[in-house]
1. By DSSP, what percent of the beta bridges with both residues in the chain are antiparallel, rounded to the nearest 5?
2. Hey, what number do you get for the chain at 222 nm if only DSSP H runs of n ≥ 4 count, each worth -39500 (n - 2.57), divided across all residues, to the nearest 500?
3. Over the chain, what is the mean sequence separation of C-alpha contacts under 8 Å (at least six apart), divided by residue count, expressed as relative contact order in percent?
4. In whole percent, and with a 1.4 Å probe on the protein chains, what portion of the accessible area of the chain is carbon and sulfur?
5. How far, in nm, would the chain grow between D114 and E12 when pulled straight, counting 0.36 nm per residue and subtracting the alpha carbon separation?
6. Given the options D112, D40, D103, which has the most mean-square fluctuation in a GNM of the chain, springs set between C-alpha atoms less than 10 angstrom apart?
7. If packing is taken as the mean number of other Cβ atoms within 10 Å per residue, what is the order of 6-13, 32-39, highest first?
8. Heavy-atom accessible area per residue, the chain, 1.4 Å probe: how many Å²?
Amino acid sequence: SSDLGVEAHLQELLAENPDTFGDGWSLVRREYMTPIGPVDLLCRDADGVYVAVEVKRRGELDGVEQLTRYLDLLNRDHLLGDRVRGVFAAQKIKPQARTLAADRGIECVTVDYDALRGMDHPEDRLF
C-alpha cells in the first residue's frame, strides 16, 4: 500500500485514539485549516493546551519544517490560547528530524501502526 494510504489511515486511527499521545488527550478536529494548508490533527492535552499533530509514515526534515510553519501561524491565533504545542508523529523518525524537532520545541512520537490497527474495530462503530 502507498505511503499516502498508510498516512491517511494512521491519521484516522490517531484521531480515534488521541490518548496514544497521553492520558486525557482529546481530538478537536482533523485537517484543521491554517492559511497555508491543514494540520493533520488539532488536539488538546490533559491541561487543555492545544496541540498541532503532524502525522507521517516516515518522519523526515521536511515534515518538521511543515509543522514549524503551521505552529508559527497557529500561535498567532489567539483563540487557541497562549501557545500551541507541536507533536511530530511517525512510524519511524530520522535522527536529523528528531534533532530539528527538539531544537524547535516539537515533541516526537513514534507510532506503532500495527498496535493501533489492533485497536481499530470498525464493527464497534455506531455510525
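1. Approximately 50 percent, going by the DSSP bridge assignments.
2. Roughly -10000 deg cm²/dmol at 222 nm, from the helical runs in the chain.
3. Taking the mean separation of contacting Cα pairs over the length of the chain, I get 19 percent.
4. Roughly 49 percent, rounded to a whole number.
5. Once the chain is fully extended between D114 and E12, it gains 35.4 nm.
6. The residue that fluctuates most here is D103.
7. Ranked by mean Cβ neighbours within 10 Å, highest first: 6-13, 32-39.
8. For the chain, the solvent-accessible area averages 56 Å² per residue.
The values are calculated or read from the model by the stated rules, or taken from the named source; none is laboratory data. Model, not experiment: these values are computed from the prediction. Neighbour counts run over all protein chains shown; Cβ positions are idealised from the backbone, glycine included. To get the accessible areas, we keep the full protein, side chains included, count just its heavy atoms, and leave off ligands, DNA and RNA. Shrake-Rupley method; radii C 1.70, N 1.55, O 1.52, S 1.80 Å.
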